[in-house]
Amino acid sequence: MDMYEISAIDAYINRAFRVIIILPLTGATTSAFVFTFFKLAGWWPMVPVIPLVIYDIVNLFYLCFAIYLLKTSLDENGIIKPQRILLSKLYVGFLVFAQWNYITYLITDREWWAYIFFFIALTIVFFDIKFTSIISFALIVSTIISWFINGEYHFLSLNDPLFWPTFILRLFCIVLSTATLLFITYFGGKYLVEELEKHINYDTLTHLLNRRTMNIYLNEALEDAHKNHSTFCLMMIDIDDFKHVNDTYGHECGDEVLQYVAHTISTGVKKDDYVFRWGGEEILVLLKTDIEKAKAAAERIRNDIAKDPIFYKNNISVYVTVTIGISSYTSSTSINQMMEDADHKLYHGKQNGKNQVVI
């Protein structure tokens with residue numbers, strides 16, 4: 001397939017990915033350095049030597065794994081691989097939970113509870129409310145357990161008149177601050193990430209999936225076919241005489257034609273099928289079915305597009321037809337071969353009358 005030219009949004013995602021990996025790692029390595037320095041300086045003599053050495057070694061492992069993620073996360077087009085984003089989420093979640101527990105039980109201190117919000121905040125960069133909620137719950141439970149195990153270090157004496165006020169204020173602060181962070185995560189994911197994904201995954205004119213996303217879904221379909229012996233088809237669709245429409249009525253009319261065709265195709269396939277803008281006036285459809293059902297779907301789409309004109313500026317009727325080439329998966333074909341086959345059949349249909357389906 002053609003090399004994908006990295007967009008500004010992809011460049012932003014790449015930078016954000018690095019921040020996601022580096023930010024918690026920085027906190028981990030910094031704490032290892034600080035605690036080691038405190039121990040050597042004699043400022044925190046109660047810190048045991050062996051657990052501290054283990055802590056430093058584990059942080060070195062975190063560093064190596066972070067470097068591995070950064071070095072192996074880009075595909076051949078310079079874009080972050082989707083599976084690497086999931087792996088980085090698991091990495092950050094494990095790192096945050098492990099660091100918090102190790103610090104809390106390694107160095108007992110009354111003020112540690114206040115740092116829980118820093119650890120929770122390290123997870124909101126994903127804007128995944130489920131992920132942040134799980135980590136928040138785990139950290140809070142771990143913190144409360146540490147109060148029972150090391151209560152003499154974490155609280156004032158029970159006889160102190162300020163014990164209950166400080167205890168209640170501490171709980172109030174944890175609940176309110178955690179709720180605020182979850183609120184930010186939820187609305188950040190709902191409005192920022194969803195809007196960003198639209199720009200990353202969808203063509204802005206037709207609202208179809210773009211070629212960047214197409215590669216992901218096509219490879220997933222191929223893997224599923226290999227593992228489960230399923231089948232799928234590729235449908236290459238081209239608008240007939242599209243250049244004539246642009247030359248006669250203008251590019252604005254051409255855009256409306258593209259939108260009309262894209263909408264008709266999208267509503268003519270099943271929910272588990274995918275429609276992509278291949279380029280120009282060409283549209284690619286991934287159909288998770290056999291060749292006979294794919295042909296029936298193609299004929300239905302072709303008829304739906306051809307039966308009604310597009311009314312441009314309310315007084316110009318523009319009739320549109322499409323030619324469709326279909327290729328079916330076999331165990332000996334690759335995605336590139338299927339696309340070439342569909343394109344060849346499309347070309348054959350163009351050369352022999354247009355407005356037809358070729359299988």
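Observations, loosely collected:
- Residue among ALA66, ALA98 that is more than 30 Å from PHE155 (Cβ to Cβ) and of a type in the set (Gly, Ala, Ser): ALA66
- For segment 46-91, residues that are of a type in the set (D, E, K, R), in contact (Cβ under 8 Å) with a residue 12 or more places away in the chain and surrounded by fewer than 13 Cβ atoms within 10 Å (Cβ to Cβ) total 1.
- Counting residues in segment 79-93 that are among the β-branched types (Val, Ile, Thr), at pLDDT 85 or above, on the phi < 0 side of the Ramachandran plot and assigned by TED's automatic domain parsing to the domain that holds SER31 gives one or more.
- Segments classed as strands (runs of 3 or more DSSP E), wholly inside segment 236-349, with at least 1 members that are surrounded by 15 or more Cβ atoms within 10 Å (Cβ to Cβ) and among the acidic types (Asp, Glu): 282-287
- Considering VAL96, VAL125, the condition of being closer than 19 Å to GLY189 by Cα, among the β-branched types (Val, Ile, Thr) and touching a residue at least 60 places away in the same chain (Cβ under 8 Å) is satisfied by VAL125 alone.
- Test: PHE94 is within 25 Å of the chain's Cα centre (by Cα), in a helix (DSSP H, G or I), crowded, with 16+ Cβ neighbours inside 10 Å and not polar (S, T, N, Q): no
- Those residues of segment 217-242 which are touching a helix residue (DSSP H, G or I) at 6+ places or on another chain (Cβ under 9 Å) and charged (D, E, K, R), in sequence order: ASP238, ASP240
- Complete set of residues in segment 324-358 that are touching a strand residue (DSSP E or B) at 6+ places or on another chain (Cβ under 9 Å) and over 24 Å from ASN215 (Cβ atoms): HIS348, GLY349, LYS350, ASN352, GLY353, LYS354, ASN355, GLN356, VAL357, VAL358
- Residue list for segment 112-163, filter: part of a helix (DSSP H, G or I), surrounded by 14 or more Cβ atoms within 10 Å (Cβ to Cβ), modelled with pLDDT under 90 and among the aromatic types (Phe, Trp, Tyr): TRP112, TRP113, TYR115, PHE126, TRP147, TYR153
The values are calculated or read from the model by the stated rules, or taken from the named source; none is laboratory data. Just so it is clear, the structure is predicted and the values come from calculations on it, not from any experiment. Quick reminder, even Gly has a Cβ in these numbers, built from the backbone with ideal geometry, and neighbours come from all protein chains shown.
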